[in-house]
Amino acid sequence: DAEITQSPRHKITETGRQVTLACHQTWNHNNMFWYRQDLGHGLRLIHYSYGVQDTNKGEVSDGYSVSRSNTEDLPLTLESAASSQTSVYFCASSGHLNTEAFFGQGTRLTVV
Amino acid sequence: TQLLKQSPQFLSIQEGENLTVYCNSSSVFSSLQWYRQEPGEGPVLLVTVVTGGEVKKLKRLTFQFGDARKDSSLHITAAQPGDTGLYLCAASPYGQNFVFGPGTRLSVLP
């Protein structure tokens with residue numbers, strides 16, 4: 001069965017370190033998204049990609065970057081982790097019509 | 001400004017009761033989705049509605065898309081503890097990315 005997987009599930013890092021969260025999907029979807037979920041804010045879009053070599057900023061992109069070198073993967077990098085980036089991160093993918101999104105299980109990131 | 005509003009924000013009911021949660025906006029959408037998220041997991045798609053006035057049923061869950069395609073409701077009949085979770089609505093404004101509502105957190109007590 002097709003799926004979308006994130007790794008790691010939990011990560012603790014120190015302020016200032018670079019961190020990369022992995023996202024891999026086998027749906028063969030062109031569209032991939034990264035969200036963060038915080039109490040009181042819901043799901044907020046960080047970055048998204050509509051295909052290989054395409055990346056775009058979402059509403060909360062400062063301090064984050066992504067790259068899309070193939071269809072299956074969209075890694076999210078925190079250039080210099082800050083305590084404000086402590087959150088639960090979700091990766092999602094969808095077909096080109098954006099009628100439904102499939103989510104990974106999330107990565108809980110703690111920056112200390 | 002939130003593009004999608006959901007109500008109520010929290011709901012705690014006894015097993016066997018019926019409930020309705022709402023998703024509202026001033027914008028028109030090409031489609032609207034409902035997701036359920038359980039603690040420690042990602043949101044899972046329940047249904048997509050695309051036609052104004054459309055009604056879809058998923059066992060004890062009934063979803064309706066408003067005639068003007070600006071709002072939707074989710075009705076649960078005879079709620080069970082397994083229905084506990086965060087219910088999110090999401091929509092795709094024409095030609096744009098998903099937007100998500102803040103969610104309704106449902107607790108069904110045995």
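The values are calculated or read from the model by the stated rules, or taken from the named source; none is laboratory data. Not measured: the values here are computed from a predicted model. All Cβ positions, even for glycine, are placed from backbone atoms using ideal geometry, and neighbour counts span all protein chains on display.
Looking only at the stretch B:85-100, which residues are surrounded by fewer than 22 Cβ atoms within 10 Å (Cβ to Cβ) and either in contact with a Lys or Arg (Cβ under 8 Å, 6 or more places away or on another chain) or at pLDDT 95 or above (or both)? Within the stretch B:85-100, B:Gly85, B:Leu86 qualify. Of all the listed residues (B:Val47, B:Val21), the sole one being within 10 Å of chain A (Cβ to nearest Cβ) and either touching a Ser or Thr at 6+ places or on another chain (Cβ under 9 Å) or β-branched (Val, Ile, Thr) (or both) is B:Val47.
Applying the selection to the stretch B:70-91, what residues are more than 13 Å from chain A (Cβ to nearest Cβ) and under 15 Å from A:Thr99 (Cβ atoms)? Correct list: B:Ser72 only.
If you check B:Gln33, B:Gln64 for being part of a strand (DSSP E or B), in contact (Cβ under 8 Å) with a residue 40 or more places away in the chain and of a type outside the set (Lys, Arg), only one passes: B:Gln33.
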